[in-house]
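Colleague: Below is the structure I would like to discuss, written out as structure tokens.
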Amino acid sequence: MAIRMAASSRILSCTVTVPGARSMSSWWKSVEPAAKDPILGVTEAFLADPNPDKVNVGVGAYRDDNGKPVVLECVREAERRISGNMNMEYLPMGGSLKMVEETLKLAYGETSEFINDKRIAAVQSLSGTGACRLFADFQKRFRPDSQIYIPVPTWANHHNIWRDALVPQRTYRYYLPETRGLDFAALMDDVKNAPNGSFFLMHACAHNPTGVDPTEEQWREISNQFKVKGHFAFFDMAYQGFASGDPERDAKSIRIFLDDGHMIGIAQSYAKNMGLYGQRVGCLSVLCEDEKQAMAVKSQLQQLARPMYSNPPVHGALIVSTVLGDSDLKKLWLKEVKVMADRIIGMRAALRENLEKLGSTLSWQHVTDQIGMFCYSGLTPEQVDHMTSEYHIYMTRNGRIRYYLPDA
Ligand code: LMR
């Protein structure tokens, strides 16, 4: 018996080597650690810092005066109404029809002819990131030779998204560090010089990270030039409502393009304007020539989604459709969006005032000129590193600060 066991354990532990086969341990030998994400990596570093006075102004997530996340009252009320009333069934591949319908109204207008004529192919997405990624994959599949023009600078993840969708990237000039404003002439030159029929990624409002947007007049000129060149505008609208406090006003760039007859695409997100960061709820829409085309495009978007995540999560969509589908809750939401936007505008003024009071001889006008959730401070990566190592203040290395000024 003992001899038999010893023999079988010897058999179990012996390794049979097939010529040319890898040893079992070497599958991932060549995998190096990934570079830290320039935005979410800041949160990781912040969490790892034991200093009690540390401050995180990195990731774009709204905070109260104590630096704590905020759940909007309209969302709390929607949750109360939903609770006990929901099942856990799958949504369709394109997500919640009700949520998508309400979301389109915000971007295209409450009484949009495009919605009425069913000319918009739209699916619920995993927030704005998911909408951008789905579009990038769609672009690659149906316009395989196209490339995407991305502004300099932009949200760091845009580069990852189109890279992973294997769409070649080009850039267009956007921000002029010397004026801390829009480099409109350079932007227009790059739009003119791009090959006809190019894809451009635009930030619909509250440009991330700079907080610098074209004026209405400049949007009109951009739209005209797009018409001349036959370019396609894909709008990332992650901050609708955060620029002016009014989602309708913040959709102006999109409305200008629609009025001019462009066939555009839009990525929408409820992360910021409804505070649904972790719910990952948003919408991708593509305006088409007619209903038939819209149905075809939607079916292809769904087919792209199916092998990635099958269908989107239900809870966030239910919150959004409950809030926007009820006139009182929608009013409350609009009020709360305005409170958040106004509070940030107030913080801009306070930051500038304090810097000036402290005797800084630099100009801080850009702090109050910029809009949206961020201040693109002008700090260099080395200065940011210094702020972090000396004062435990965490921000992205491009000098972007998310507003958070606790009351004194
Ligand atoms: C940001 O820019 O900080 C946010 O959009 C969060 C993110 O995912 O990067």
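Colleague: Here are some pairs, K140/K335; K192/K335; K105/K229; K252/K330; K252/K335; K29/K54; which of them have Cα atoms lying more than 31 Å apart in this structure?
Modeller: K140/K335; K192/K335; K29/K54
Colleague: Long-range amide H contacts for C205: which residues qualify at under 5 Å (H placed 1.01 Å from N, peptide plane, sequence gap of 5 or more or a different chain)?
Modeller: A238, Y239
Colleague: Test of the criteria: in segment 65-156, which GluC sites (Glu not before Pro) are in a DSSP loop and have at most 16 other Cβ atoms within 10 angstrom of their Cβ?
Modeller: E89, E110
Colleague: May I pose another question? Going by amide H atoms built from the backbone, whose H comes under 5 Å of the H on Y149, apart from near neighbours?
Modeller: For Y149, whose amide H was placed from the backbone, the distant partners under 5 Å are R170, F199, F200, L201.
Colleague: Could I ask something else about it? Which loop chymotrypsin sites (Phe, Trp or Tyr not before Pro) in segment 85-186, with loop taken from DSSP, have no more than 13 other Cβ atoms within 10 angstrom of their Cβ?
Modeller: Y90
Colleague: Take the chain, connect every pair of alpha-carbon atoms lying under 10 Å apart with a spring to form a Gaussian network, then pick out the residue of K227, K98, K68 with the largest mean-square fluctuation.
Modeller: Maximum fluctuation in the GNM of the chain, among the listed residues, is at K68.
Colleague: Moving to a separate point now. Calculate one ³J(HN,Hα) per residue across segment 192-198 by plugging θ = phi - 60° into the Karplus curve 6.51 cos²θ - 1.76 cosθ + 1.60, and present them in order as whole Hz with x for glycine and proline.
Modeller: 5, 7, 5, x, 3, x, 8
Colleague: Return the aspartates and glutamates within reach of K227: Cα separation strictly under 17 angstrom, same-chain partners fewer than 8 residues apart disregarded; answer none if there are no such residues.
Modeller: Once the sequence-local aspartates and glutamates are set aside, what remains near K227 is D189, D190, E216, E217, D259, D260, E289.
Colleague: Quick check: at a probe of 1.4 Å, how many percent of the accessible area of the chain sits on carbon and sulfur atoms?
Modeller: Accessible surface attributable to carbon and sulfur in the chain totals 55 percent.
Colleague: With a 1.4 Å probe and every protein chain left in place, work out the accessible area per residue of segment 48-158 in Å², rounded to a whole number.
Modeller: Averaged over the residues of segment 48-158, the accessible area is 49 Å².
Colleague: Of P52, P38, P381, which is the most mobile in a GNM of the chain whose springs link Cα atoms less than 10 angstrom apart?
Modeller: Fluctuation is largest for P52.
Colleague: Could you compute Rg(Cα) / (2.2 N^0.38 Å) for segment 94-227, with N its residue count?
Modeller: Its radius of gyration relative to the 2.2 N^0.38 Å reference: 1.13.
Colleague: Tell me the Kirkwood hydrodynamic radius of the chain in angstroms, computed as one over the mean inverse distance between distinct C-alpha pairs.
Modeller: The Cα-based Kirkwood calculation yields 23.3 Å.
Colleague: Just to check I understand the Karplus step: with θ = phi - 60° and J = 6.51 cos²θ - 1.76 cosθ + 1.60, what whole-Hz values come out for segment 100-113, glycine and proline as x?
Modeller: Karplus-based 3J(HN,Hα) across segment 100-113 equals 4, 4, 5, 5, 5, 4, 5, 7, 8, x, 3, 10, 4, 5 Hz.
Colleague: Quick one: work out the % antiparallel among DSSP beta bridges in the chain, nearest 5.
Modeller: 50 percent
Colleague: Using amide H atoms built in the peptide plane, which far-off residues or other-chain residues are under 5 Å from F235 H to H?
Modeller: Under 5 Å from the amide H of F235 lie the amide H atoms of M202, G265, I266, A267, each far enough along the sequence or on another chain.
Colleague: How large is ³J(HN,Hα), in whole Hz, for each residue of segment 148-158 in order, when computed from phi with the Karplus curve 6.51 cos²θ - 1.76 cosθ + 1.60 and θ = phi - 60°, using x for Gly and Pro?
Modeller: Each residue's phi maps through the Karplus curve to give 10, 8, 10, x, 10, x, 8, 4, 3, 5, 4 Hz.
Colleague: Under the rule of -39500 (n - 2.57) per DSSP H run of 4 or more residues, summed and divided by the residues of the chain, what mean residue ellipticity at 222 nm is obtained, to the nearest 500 deg cm²/dmol?
Modeller: Helix contribution divided over all residues of the chain: -14000 deg cm²/dmol.
Colleague: Are there trypsin sites (Lys or Arg not before Pro) in segment 363-403 that DSSP marks as loop and that have at most 16 other Cβ atoms within 10 Å, and which are they?
Modeller: none
The values are calculated or read from the model by the stated rules, or taken from the named source; none is laboratory data. Model, not experiment: these values are computed from the prediction. Note: ideal-geometry Cβ built from the backbone for every residue, glycine included; neighbour counts use all protein chains shown. Ligands, DNA and RNA are stripped out before the accessible areas are found, and what is left, the full protein with its side chains, is counted by its heavy atoms. Shrake-Rupley method; radii C 1.70, N 1.55, O 1.52, S 1.80 Å.
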